[in-house]
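Contents: one structure, followed by commentary.
The values are calculated or read from the model by the stated rules, or taken from the named source; none is laboratory data. From a predicted model like this one, the values you see are computed outputs, not experimental measurements. Don't worry about glycine lacking a Cβ; one is built from the backbone with ideal geometry, like all the others, and counts go over all protein chains shown. What goes into the accessible areas is simple: the full protein's heavy atoms, side chains included, and nothing from ligands, DNA or RNA. Shrake-Rupley method; radii C 1.70, N 1.55, O 1.52, S 1.80 Å.
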Amino acid sequence: MGQIRLREWREEDAPVVLRAFRAPDMRRQSAWPVITPKDAVGWIASWEGAGHAFAVTLDGQVVGNVAITRIDDHDTGWVSYWTIPEMRGRGVAAQATAELARWAFGERGLHRLELSHRVDNIASCRVAVKAGFLPEGIERGRLRYDGVRYDVERHARLATDPPV
Ligand SMILES: CC(C)(COP(=O)(O)OP(=O)(O)OC[C@H]1O[C@@H](n2cnc3c(N)ncnc32)[C@H](O)[C@@H]1OP(=O)(O)O)[C@@H](O)C(=O)NCCC(=O)NCCS
């Protein structure tokens, strides 16, 4: 694979954000629907002061997002990620999430990074494990979408965990 890098989101990235959110499995990755170019610009702008989101680039092209939100007084943060559908399965999310963790521990001084995935989101589970986030257990019925409850698995990585 080419060179994966993280950089700040820019307003001109809106078209790729719009394309990304056309995938049905991206519906839950935003607090509101991202359907129009204006929504995509708004999605980028919404990160201002809301956490740390990075555009993931592969050989200079934006192919995904990694983010840390909900940073608390215990130096714990919440990780999320997505990759545009045509670039999935190449290790983009795993590499970008590992890079995000290096930044969070090394530059941002966090101690613990958490994430959760629905137990039926096997790709997300693989990303977490490959990026060094150890499984910490199942939370039963944690989420409800369209009237259906889903179990989720929690993963976390500590600053003191071995590098991946
Ligand atoms: C989850 C997601 C980020 C993975 O992105 P990606 O760039 O394809 O991830 P990677 O290529 O680094 O790793 C994907 C892993 O999942 C595996 N995988 C993908 N689809 C799978 C499936 N249906 N069943 C089992 N494994 C699957 C791949 O084989 C790979 O594992 P491997 O390296 O052991 O072979 C991407 O599918 C996505 O954006 N999904 C929608 C948003 C989302 O679910 N985000 C996470 C919310 S918790």
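Here is how the numbers come out for the structure above:
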read-out: Residue among Glu48, Glu107 that is modelled with pLDDT of 95 or more and charged (D, E, K, R); value: Glu107
read-out: Check on Ile71, modelled with pLDDT of 95 or more, in a loop (DSSP other than H, G, I, E, B) and either hydrophobic (A, V, I, L, M, F, W, C) or surrounded by fewer than 16 Cβ atoms within 10 Å (Cβ to Cβ) (or both); value: yes
read-out: Subset of the stretch 86-123 that is more than 24 Å from Asp59 (Cβ to Cβ), within 10 Å of the ligand (Cβ to nearest atom) and not basic (Lys, Arg) - its residue that is most open to solvent (accessible area, probe 1.4 Å); value: Ile122
read-out: The stretch 13-42, residues that are away from the ligand (no atom under 14 Å from the Cβ) and modelled with pLDDT of 95 or more; value: Asp13, Ala14, Pro15, Leu18, Ile35, Thr36, Pro37, Lys38, Asp39, Ala40, Val41, Gly42
read-out: Pairs with Cβ under 7 Å, 6+ apart, first in the stretch 131-149 and surrounded by 12 or more Cβ atoms within 10 Å (Cβ to Cβ), second assigned to a loop (DSSP other than H, G, I, E, B) and among the aromatic types (Phe, Trp, Tyr); value: none
read-out: Neighbours by Cβ (under 7 Å, 6+ apart or cross-chain): first from the stretch 82-94, in contact (Cβ under 8 Å) with a residue 60 or more places away in the chain; second within 6 Å of the ligand (Cβ to nearest atom) and not in a helix (DSSP H, G or I); value: Val92/Thr83
read-out: Single match in Thr83, Thr76 (criterion: within 8 Å of the ligand (Cβ to nearest atom) and surrounded by 15 or more Cβ atoms within 10 Å (Cβ to Cβ)); value: Thr83
read-out: Residue in the stretch 150-164 that is most open to solvent (accessible area, probe 1.4 Å), counting only those that are touching a Lys or Arg at 6+ places or on another chain (Cβ under 9 Å) and acidic (Asp, Glu); value: Asp151
read-out: Test: residue in the stretch 133-145 that is more than 8 Å from the ligand (Cβ to nearest atom), closer than 16 Å to Ile68 by Cβ and under 17 Å from the mean Cα position of the chain (by Cα); value: yes
read-out: Residue list for the stretch 79-95, filter: outside any loop (DSSP other than H, G, I, E, B) and more than 18 Å from Ile44 (Cα to Cα); value: Pro85, Glu86, Met87, Val92, Ala93, Ala94, Gln95
read-out: Tally, over the stretch 96-130, of residues that are assigned to a strand (DSSP E or B) and of a type in the set (Gly, Ala, Ser); value: 1
read-out: Qualifying residue in the stretch 29-39 (condition: under 14 Å from Thr83 (Cβ atoms) and of a type in the set (Val, Ile, Thr)); value: no
read-out: Filtered residues of the stretch 48-61 (kept if under 25 Å from Ala123 (Cα atoms), more than 14 Å from the ligand (Cβ to nearest atom) and either over 16 Å from the mean Cα position of the chain (by Cα) or assigned to a loop (DSSP other than H, G, I, E, B) (or both)); value: Gly51, Asp59, Gly60
